[in-house]
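Participant: Can you read through this structure? Questions will come right after.
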Amino acid sequence: MGNRCTSGGAALTVNTVINVAGEEKKKLKENEAAAVTNVVSKCVDNKDGSYRLGWTSQVAGVYSVSITIDNVHLVGSPVMMTLQAGPPEIDQIQVSGDGTQQAQAGKPALVVLKCKDFFGNVASTSGSAIFFGLRLLIRDPKESKVIATDGH
């Protein structure tokens, strides 16, 4: 449009569509209805020609956002927007790898942690490191053999 709005009340419309390709697109098609309905756009008219827009979603990803007034795109619309996943949720962590079944002292054992947020998106660290602790438990003490290597 190009002209600055000087008062509120415009017929502002926001359309948000997830933008995916390849394998992610295939997964989304299976769950497309959930992805589309999980994007909630909010628009607040500040009554001075400005509007505050906000989005929430359960599906992290890159979205195409179109903003129109009376069906005419605003300058810069559509624009790409990234909704990031939340922090790791302990109940959503998947553990795999040979090291989950057996390991030998002094040798590397592979344990893979796939961290997801509350909604099942691959979790975001937001630039911070994630630290984990590992505790080894004996399943059945009767089947365990403890061998001292220092003569005790």
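Participant: I need the full set of residues from the range 54-70 which are out of contact with any Pro (no Cβ under 7 Å at 6 or more places or on another chain) and either surrounded by 14 or more Cβ atoms within 10 Å (Cβ to Cβ) or outside any strand (DSSP E or B) (or both), in order please. Break it down stepwise before answering.
Facilitator: Quick first cut of the range 54-70, residues out of contact with any Pro (no Cβ under 7 Å at 6 or more places or on another chain) only: 54-63, 67-70.
Across the range 54-70, the qualifying residues are W55, S57, Q58, V59, A60, G61, Y63, I67, T68, I69, D70.
Participant: Within the range 54-77, which residues are more than 13 Å from S41 (Cβ to Cβ) and either in contact (Cβ under 8 Å) with a residue 24 or more places away in the chain or in contact with a Cys (Cβ under 9 Å, 6 or more places away or on another chain) (or both)?
Facilitator: Answer for the range 54-77, where residues must be more than 13 Å from S41 (Cβ to Cβ) and either in contact (Cβ under 8 Å) with a residue 24 or more places away in the chain or in contact with a Cys (Cβ under 9 Å, 6 or more places away or on another chain) (or both): Q58, V59, A60, G61, V62, I69, D70, N71, V72, H73, L74, V75.
Participant: Only one of (1) surrounded by 13 or more Cβ atoms within 10 Å (Cβ to Cβ); (2) modelled with pLDDT under 70 is not met by A103, so which one is it?
Facilitator: For A103, the failing item is (2).
The values are calculated or read from the model by the stated rules, or taken from the named source; none is laboratory data. All values reported here derive from a predicted model rather than from experimental measurement. All Cβ positions, glycine included, derive from the backbone under ideal geometry; neighbour counts span all protein chains shown.
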